[in-house]
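The values are calculated or read from the model by the stated rules, or taken from the named source; none is laboratory data. This is a predicted model, so every value here is computed, not measured. Quick reminder, even Gly has a Cβ in these numbers, built from the backbone with ideal geometry, and neighbours come from all protein chains shown. Keep in mind that these areas ignore ligands, DNA and RNA; they rest on the heavy atoms of the full protein, side chains included. Shrake-Rupley method; radii C 1.70, N 1.55, O 1.52, S 1.80 Å.
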Amino acid sequence: MGELIKTVVPGQMHSNPETNTATGGRGQLRNRMMLGEGPGAIEFEHLGNAAHGLQNALLQSVPPSVEKEPVNTVFPAWPKGWDAQFTLAARGAFLISGSMTKGEIDFVEIQSQKGGQCRVQNPWPGAEVTLYRNGKPTEDISGKLLVFSTVVGETVTMVPKGKPLFEKEVL
């Protein structure tokens, strides 16, 4: 899906007034909205489509089937050649942040807003993951699906085992 995102999201953001039937040839305004039905009738559905595609390429928070708990998957459709950082809301009252550089996920951070179990598809398949709770290493977990408990207000940061939480700059 990463290759598709490279064309779909930018395609929703840009419009060619010659070929866009939604604008009747009237084109796109500087704020990316369009005059779909004429002056005063601003159309911006394409911006919602772009935002939806962008967010789903960065984070998906959906249950695997009906009546199951949601699983959070970071960068599921993000192009490997694009660096990115994000913070998005996920089901279960979690704020999830992630960073990808040169196709590699640097870290995943989960802020628990109400406590409870968090389920994350392992961002580093086959690798063991170290959990840092409020900045301190607490446990190593592994598997395709990482499940761990959280408490209200806790920040859990995940990195591959052996990688420091923060890279130190050499002066």
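Some notes on this structure:
- Local electrostatic count, PRO137, Cβ distance below 12 Å [Lys/Arg +1, Asp/Glu -1]: +2
- Reciprocal mean inverse distance between Cα atoms of region 103-156 - Kirkwood radius, Å: 11.6 Å
- Peptides ranked, highest mean first, by Cβ atoms within 10 Å: ranges 95-101, 63-69, 159-165: 95-101, 159-165, 63-69
- The residues of region 62-144 expose, per residue, 55 Å² of accessible area to a 1.4 Å probe.
- Straightening the chain between GLU104 and VAL151 buys 14.1 nm, computed as 0.36 nm per residue apart minus the Cα-Cα spacing.
- Entries in LYS114/LYS136; LYS80/LYS161; LYS102/LYS136; LYS136/LYS161; LYS68/LYS161; LYS80/LYS136 that, when Cα-Cα distance is taken, lie over 24 Å: LYS102/LYS136; LYS68/LYS161; LYS80/LYS136
- Rounded to two decimals, the Cα radius of gyration of region 46-171 over 2.2 N^0.38 Å is 1.05.
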